[in-house]
1. Exactly one of these conditions fails for residue 340: (1) over 17 Å from residue 394 (Cα atoms); (2) in contact with a His (Cβ under 9 Å, 6 or more places away or on another chain); (3) among the acidic types (Asp, Glu). Give me its number.
2. Go through region 497-529 and report how many residues are buried (at least 24 other Cβ atoms within 10 Å of the Cβ) and over 21 Å from residue 464 (Cβ atoms).
3. Scan (1) within 14 Å of residue 389 (Cβ to Cβ); (2) at pLDDT 95 or above; (3) surrounded by fewer than 23 Cβ atoms within 10 Å (Cβ to Cβ) for the single condition residue 428 breaks and write down its number.
4. Do the conditions hold for residue 537, that is, is it more than 26 Å from residue 434 (Cβ to Cβ) and part of a loop (DSSP other than H, G, I, E, B)?
5. For region 252-305, enumerate the residues that are of a type in the set (A, V, I, L, M, F, W, C) and within 11 Å of the ligand (Cβ to nearest atom).
6. Would you be able to tell me the number of residues in region 322-338 that are in contact with a Phe, Trp or Tyr (Cβ under 6 Å, 6 or more places away or on another chain) and surrounded by fewer than 24 Cβ atoms within 10 Å (Cβ to Cβ)?
7. For region 412-422, indicate whether the set of residues that are modelled with pLDDT under 95, surrounded by fewer than 17 Cβ atoms within 10 Å (Cβ to Cβ) and within 20 Å of residue 381 (Cβ to Cβ) is non-empty.
8. Which is modelled with pLDDT of 95 or more and closer than 30 Å to residue 482 by Cβ, of 385, 371, 448?
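The values are calculated or read from the model by the stated rules, or taken from the named source; none is laboratory data. All values reported here derive from a predicted model rather than from experimental measurement. Glycine also receives a Cβ, built like all others from the backbone with ideal geometry; neighbour counts cover every protein chain displayed.
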Amino acid sequence: MAETPSPKDPEKQVKAETNPKPAPARGGAEAKTKPAPAPAAPKAKADGAPRREAAAAKAAPTAKAAAKAKEPTAKGGAKAAATTAAAPPPEEYQEEAGGAFLHEAIRQTPAWLVSMVVHMVLILILAVWMVPPGDNKGLTQIVVAPPEKEQDQLEELIEEPIQQLDVETPLETVNIEADITKVPEMPKSDDLDAAAVHVDLDELGLDKAPRNDLLATVGTFTGNALDGRGKGKGQMVASGGGNAASERAVALALKWLAAHQLPDGGWSFNHALAPKCKGQCRNPGTELEARNAATAMALLPFLGAGQTHKQGQYKDTVKQGLYFLVSKMQVSPNGGSLLEGGRGQMYSHGLASIVLCEAYGMTHDKGLYNPAQQAVNFICYAQDPVGGGWRYQPRQAGDTSVVGWQIMALKSGHMAYLRVPPATVKKAFQFLDTVQANSGANYGYTDPGAGQATTAIGLLCRMYLGWKKDNPALQRGVKWLAQQGPSINVGAESANMYYNYYATQVMRHIEGEDWTKWNLVMRDSLIKSQMQKGHEEGSWFFKGEHGSEVGGRLYSTSLACMVLEVYYRHMPIYRTQSVEEAFPD
Ligand SMILES: [Zn+2]
């Protein structure tokens with residue numbers, strides 16, 4: 001989008017950074033009173049102003065043109081009426097001039113004055129008498145003939161602009177952008193009812209059911225699944241299997257991530273572009289176009305640790321990152337798309353959607369409601385209408401990897417009380433059926449199979465979509481993962497972090513012996529393999545899977561950090577929380 005500065009344009013970047021500041025109060029006030037204010041939209045943001053002004057300028061002339069167009073016709077009509085009314089004036093004159101009062105007046109006035117008045121009256125009468133015949137011709141030529149054409153032209157003038165308005169539908173875009181722009185400007189509004197506020201998005205929103213059955217079955221996950229990121233975090237770390245060293249690693253990772261934010265608020269898989277880095281860290285990724293994906297991957301560990309744009313030492317970092325993502329959103333009747341260049345377009349959208357949904361769910365920031373819901377809407381639109389999956393492009397037949405991120409996003413949206421249609425979730429569930437093997441214990445990529453990462457993704461999705469802990473297929477799948485163990489070779493700096501990320505979550509939710517064993521290996525090998533000095537301190541880089549080349553050090557660091565946040569990032573699905581939390585070990 002034009003208003004989002006490219007990383008190559010530092011001046012604009014500075015603008016983008018400073019722009020959110022001028023109008024926070026206004027944005028907030030508007031958000032409180034009118035979550036989706038159509039008329040207030042143009043004022044909302046300084047940064048978007050040029051664009052919106054342009055739109056307004058477009059709209060204004062057309063409106064003026066219409067008004068002008070109407071005015072002349074009305075005037076023309078009035079003139080016509082006036083001229084017809086002017087036709088009989090002689091009679092009126094005679095009536096007035098012939099009054100007794102006039103005779104009396106004449107008698108009392110000096111002769112020269114009477115003479116003058118009489119002459120003037122005569123001249124006037126003559127003029128009126130003489131003009132009409134000639135003027136009538138003129139009128140028929142000028143008033144009658146041209147007005148018809150003029151009116152045609154005017155009608156054309158009126159019609160065209162109105163059609164333009166309809167065709168371009170700039171109003172919708174303008175509205176939503178205006179809402180989007182409120183995100184970084186959000187002042188404190190810790191309104192717990194935020195999620196319940198109904199905002200008319202567009203007609204697409206009407207298909208969205210308020211709750212969905214499948215996700216609703218995950219009872220403990222409704223609304224409070226992110227609670228572990230808050231005050232109870234320390235306890236969650238201890239009871240979940242983390243320790244001071246793992247928390248230190250998380251803190252270092254966040255520091256590294258914050259230091260590699262670009263001036264426009266986003267991140268790049270080429271972390272070396274960051275002004276503070278300037279290539280001091282090795283292993284940049286190759287997927288340079290995927291700024292949304294990189295930004296989302298950088299933000300997720302912050303959110304996972306309870307750092308939001310409202311709370312924590314990285315408030316500004318998170319705020320700028322959210323602003324970057326939201327400003328990249330392209331809204332259409334299909335929802336708000338965060339697709340971008342590069343190969344994995346729906347990866348980008350899914351990742352960024354998780355960020356928006358989590359940030360909204362954690363802060364109840366009304367300014368994030370629209371972007372988050374729009375992102376969810378786009379996922380629904382982009383689902384393969386036949387197979388129920390997702391792939392790189394919207395509506396392609398799905399693969400398990402892309403499906404995983406979309407389901408996580410839907411789940412995050414659901415937890416944040418956004419509208420997630422049951423039909424979408426059911427279809428996604430059906431997609432998993434088509435790639436499962438061993439009766440649901442293993443999962444393939446686009447066909448039935450038993451890949452490590454795809455199995456972990458498939459099982460986690462099944463858990464979120466309602467499989468109970470005692471589901472035989474789930475139990476067999478978990479045993480299979482436990483046998484595989486975490487994928488990490490500290491000495492060789494190699495690991496499949498993508499697999500580790502999903503599998504660790506599966507094991508964590510299952511808990512028990514398998515989890516304890518898994519966690520010891522996973523946790524300690526990550527702590528050991530984290531860079532401890534130099535500019536790379538706090539980061540990781542693992543070879544060993546496709547994603548690590550594409551995403552580089554940022555990708556490895558993000559996933560490793562989230563693995564170490566597993567103790568509190570999500571509440572365990574199958575735990576009776578109240579009991580466990582009331583009586584910690
Ligand atoms: Zn660096």
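1. In the conditions (1) over 17 Å from residue 394 (Cα atoms); (2) in contact with a His (Cβ under 9 Å, 6 or more places away or on another chain); (3) among the acidic types (Asp, Glu), residue 340 misses (1) alone.
2. So the count comes out to 1.
3. (3)
4. Against the criterion (more than 26 Å from residue 434 (Cβ to Cβ) and part of a loop (DSSP other than H, G, I, E, B)), residue 537 qualifies.
5. If the condition is that a residue be of a type in the set (A, V, I, L, M, F, W, C) and within 11 Å of the ligand (Cβ to nearest atom), then 256, 257, 259, 272, 273, 274, 277, 281 are the ones that fit.
6. Selection size over region 322-338: 1.
7. Yes.
8. 448
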